[in-house]
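To keep things clear, I will list the structure first and then write my remarks on it.
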Amino acid sequence: RERSGDPEGALESYERALALLSSEGQHPVVADVLCGMGTVRRELGQTREAETYYHQSLEVAAWCGYLSGQARAVNCLAAIAQRRGDLKLAEGLYRRAARLASEAADHRLSGMVEQNLGVLANIRGDLDSALVHYRKSLRAFEQADDREGMTWVLNNMGMLQTDLGLYAQAEKTLQRGLKIARERGDRVMEGLCELNLGEAYIGQQDWKAARQALKRSLAIADERGDELRRAEAMKYQAVIQRERGAYEKSIAQLEEAHDLALKGEDVLLCAEILVELGEAWRQQEERTKARSTWETALEQFRGLDAQLDAAGVEARLLELGRAA
């Protein structure tokens, strides 16, 4: 149900499972169910609720000596820390999850953690390290014929290739991930791949393809009630509006997207939206608003240790000062 885009149905099934397990006490399956409930909440942007479920899952898994369950819960808690911008805590938790997964001989989970470490390296601007992590993770998933894991890594690799300006390569990678997601009926990953294809098409200035991909991604986000993915799709749609000269519409859309990202506690997404909002103000000759917006984004990127993103904003501020 979760994979097919029915998160509420998934939560109902998990609740029924917990009811059936109520007489079992601290049981490994209880830990799995609690972790699954947390992930549904996390994917809906309900960060605080997700964190509560993950802590409960970890407590149950630790009590019954369930190593894979502990590793899974710790990996998910790392994702929460990452969303909130505490990359130091996230890295420590990911490495703890990696040790637990290795001890449990859980190769699938090891692949998950490896690609999550790649995401952290990507955020910090260590793109070579990120690519190494992604390739190792993809190789592990391919060897295990784990098609779900493959979509995760292909999506992240496509995002990295877009960051590097390799738009055609990114499109190819993301299309591969999208094909697997559609074959599996995985609406979550289908929406993410469409979202990041939209960004790759924007990089190629293929506005029609970008609009179509983002429209499909937004429809899936709305269908699932995923406010963070909605915010991200709106960010890219606003970029297209801005490039067409529809500044008021672009700014309104970016401000709405920023509110959604704040609600979901996604610090990186908030900063990324502010960069685009500042650019809209700059193009309208509102230099004071642009400077203030970019300074806030810069502070957030520095807090994340997102060095490449911070350097990009510093360059924009320097250019704005020269233009003045």
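The values are calculated or read from the model by the stated rules, or taken from the named source; none is laboratory data. Predicted, not measured: the structure shown is a model, and the values here were computed from it. These area figures cover heavy atoms from the full protein model, side chains too; ligands, DNA and RNA do not enter into them. Shrake-Rupley method; radii C 1.70, N 1.55, O 1.52, S 1.80 Å.
Pairing the Cα long axis of helix 167-184 with the longest principal axis of the chain, what angle in degrees results, from 0 to 90 and rounded to the nearest 10?
40 degrees
Just from its helices, what would the mean residue ellipticity at 222 nm be for the chain, if runs of 4 or more DSSP H residues each count -39500 (n - 2.57) and the sum is divided by every residue, rounded to the nearest 500 deg cm²/dmol?
That calculation yields -28000 deg cm²/dmol at 222 nm.
Could you work out, for the chain, what percent of all Cα-Cα pairs fall into each 20 Å distance bin, beginning at 0 Å and stopping at the bin that holds the largest distance?
Answer for the chain: a P(r) of 30, 58, 11, 0 percent.
Can you tell me the orientation of helix 107-123 relative to the chain, as the angle in degrees between its alpha-carbon axis and the longest Cα principal axis, to the nearest 10?
Here the helix axis deviates by roughly 20 degrees.
Can you give me the accessible area per residue for the chain, using a 1.4 Å probe, in Å²?
Values: 14900 Å² over 324 residues.
Per-residue accessible area for the chain comes out at 46 Å².
Is the shape of segment 146-258 best called rounded, prolate or oblate, per the rule: a/c under 1.5 gives rounded, else a/b larger than b/c gives prolate, else oblate, with a ≥ b ≥ c the square roots of the Cα gyration tensor eigenvalues?
oblate
Let a ≥ b ≥ c be the square roots of the eigenvalues of the Cα gyration tensor of segment 13-80; is it rounded (a/c under 1.5), or, if not, prolate (a/b larger than b/c) or oblate? Let's see the in-between values first.
Working: a/c = 2.44, a/b = 1.25, b/c = 1.95.
The shape class here is oblate.
For the Cα atoms of the chain, what angle does the longest principal axis make with the long axis of helix 267-283, in degrees from 0 to 90, nearest 10?
Result, in degrees: 10.
So how much accessible area does residue 247 have, in Å² to the nearest 10, using a 1.4 Å probe?
Approximately 60 Å² for this residue.
For 258, 107, 27, 55, what's the largest-to-smallest order of accessible area, 1.4 Å probe?
107, 55, 27, 258
Tell me, what is the 1.4 Å probe accessible area of residue 240, in Å² to the nearest 10?
Residue 240 has an accessible surface of roughly 10 Å² with all protein chains in place.
Rounded to a whole number of µm²/s, how large is the Stokes-Einstein D of segment 72-138 at 25 °C and 0.890 mPa s, given Rh as the Kirkwood radius over C-alpha pairs?
Reported coefficient: 212 µm²/s.
For the chain, give the percent of accessible area contributed by carbon and sulfur heavy atoms, probe 1.4 Å, rounded to a whole number.
47 percent
Which ³J(HN,Hα) values in Hz, rounded to whole numbers, follow from the phi angles of segment 136-141 under the Karplus curve 6.51 cos²θ - 1.76 cosθ + 1.60, where θ = phi - 60° and Gly and Pro get x?
In residue order, the calculated couplings are 4, 5, 4, 4, 5, 5 Hz.
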